[in-house]
Amino acid sequence: MTDVFENYLSSTEELSVEEIDFSVKFFKPVHLKKGDFFIREDEVCRHIGFIASGAVKAYAVDREGKENITCFKFENEFVTSFPEFVNQEKSKRSIRAIEDCVIYRIAYPEYQHLLGQVTTWNGVIKLVMEQEYNQKERYLLNFNNRSAVDKYRHILSDEPMLIQRTTTQDLASYLGVTQRSLTRAKAQIHRPDVL
């Protein structure tokens with residue numbers, strides 16, 4: 001499984017082979033079962049992780065106890081609550097496995113040590129932060145002020161993995177619609193006369 005992580009680091013073209021070999025020793029594999037937490041809301045965000053296999057969702061719980069999903073992360077993506085990790089503050093959201101996962105994680109003190117030892121890691125983190133920013137921008141552009149049908153059409157064409165790997169309930173939360181609206185949108189799009 002470390003091959004997945006090493007291949008990812010190699011693909012960034014930021015680290016040398018020696019730096020990769022040195023770096024992976026700081027990351028420890030964690031096996032999460034579906035439903036396990038990687039990070040809990042209101043607990044200090046102590047880790048950043050790389051998903052070698054599986055998937056997670058990030059969400060905050062509102063006053064009514066409803067999950068508001070802000071993103072999904074899959075293989076070959078880093079996962080944490082970045083602002084709170086960097087500042088070592090309580091996380092404003094939970095990150096929970098939606099499939100069995102293997103995540104290579106590093107704790108904040110080791111992360112700081114690694115950045116001090118291998119300065120080219122700053123380039124890797126910059127790439128990760130750019131991906132995070134782009135994901136949030138795409139989310140805002142594609143899902144704000146659109147109908148459930150338009151949101152579902154976008155998922156079908158641009159992010160079909162979400163349909164294959166998330167529950168209807170989770171997808172509805174992510175899209176900011178009710179399950180009923182999402183079910184109606186699916187029925188409308190998949191009607192024979194629409195296509």
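If I filter segment 112-140 down to residues being within 19 Å of the chain's Cα centre (by Cα) and farther than 28 Å from ARG153 by Cα, which single residue comes out as least open to solvent (accessible area, probe 1.4 Å)? Restricting to residues being within 19 Å of the chain's Cα centre (by Cα) and farther than 28 Å from ARG153 by Cα, the top hit is VAL124. Looking at segment 43-59, which of the residues that are in contact with a helix residue (DSSP H, G or I) (Cβ under 9 Å, 6 or more places away or on another chain) and outside any strand (DSSP E or B) is nearest to PHE27 (Cα to Cα)? Step by step, filter segment 43-59, then rank; the result is ARG46. PHE50 passes every criterion in (1) more than 16 Å from GLN131 (Cα to Cα); (2) over 9 Å from the mean Cα position of the chain (by Cα) apart from (1). The single condition among (1) touching a residue at least 40 places away in the same chain (Cβ under 8 Å); (2) open to solvent by less than 70 Å² (accessible area, probe 1.4 Å); (3) in contact with a helix residue (DSSP H, G or I) (Cβ under 7 Å, 6 or more places away or on another chain) that ILE20 does not meet is (1).
Residues are listed down the side, and each one gets a yes or a no for (1) in contact (Cβ under 8 Å) with a residue 60 or more places away in the chain; (2) open to solvent by 20 Å² or more (accessible area, probe 1.4 Å); (3) of a type in the set (A, V, I, L, M, F, W, C); (4) under 22 Å from LEU140 (Cα atoms):
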| site | (1), (2), (3), (4) |
| --- | --- |
| VAL44 | no, yes, yes, no |
| VAL56 | no, no, yes, yes |
| ALA60 | no, yes, yes, yes |
| THR70 | yes, yes, no, yes |
| SER81 | no, no, no, yes |
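Based on this model, can you work out whether ARG146 counts as outside any helix (DSSP H, G or I), within 27 Å of ASP36 (Cα to Cα) and either more than 19 Å from the chain's Cα centre (by Cα) or modelled with pLDDT of 90 or more (or both)? Can you show your working first?
On the way: outside any helix (DSSP H, G or I): yes; within 27 Å of ASP36 (Cα to Cα): no; either more than 19 Å from the chain's Cα centre (by Cα) or modelled with pLDDT of 90 or more (or both): yes.
So ARG146 fails the test.
The values are calculated or read from the model by the stated rules, or taken from the named source; none is laboratory data. Keep in mind the model is a prediction, meaning the values are calculated, not measured. Note: ideal-geometry Cβ built from the backbone for every residue, glycine included; neighbour counts use all protein chains shown. The area values use the complete protein model at the heavy-atom level, side chains included, leaving out ligands, DNA and RNA. Shrake-Rupley method; radii C 1.70, N 1.55, O 1.52, S 1.80 Å.
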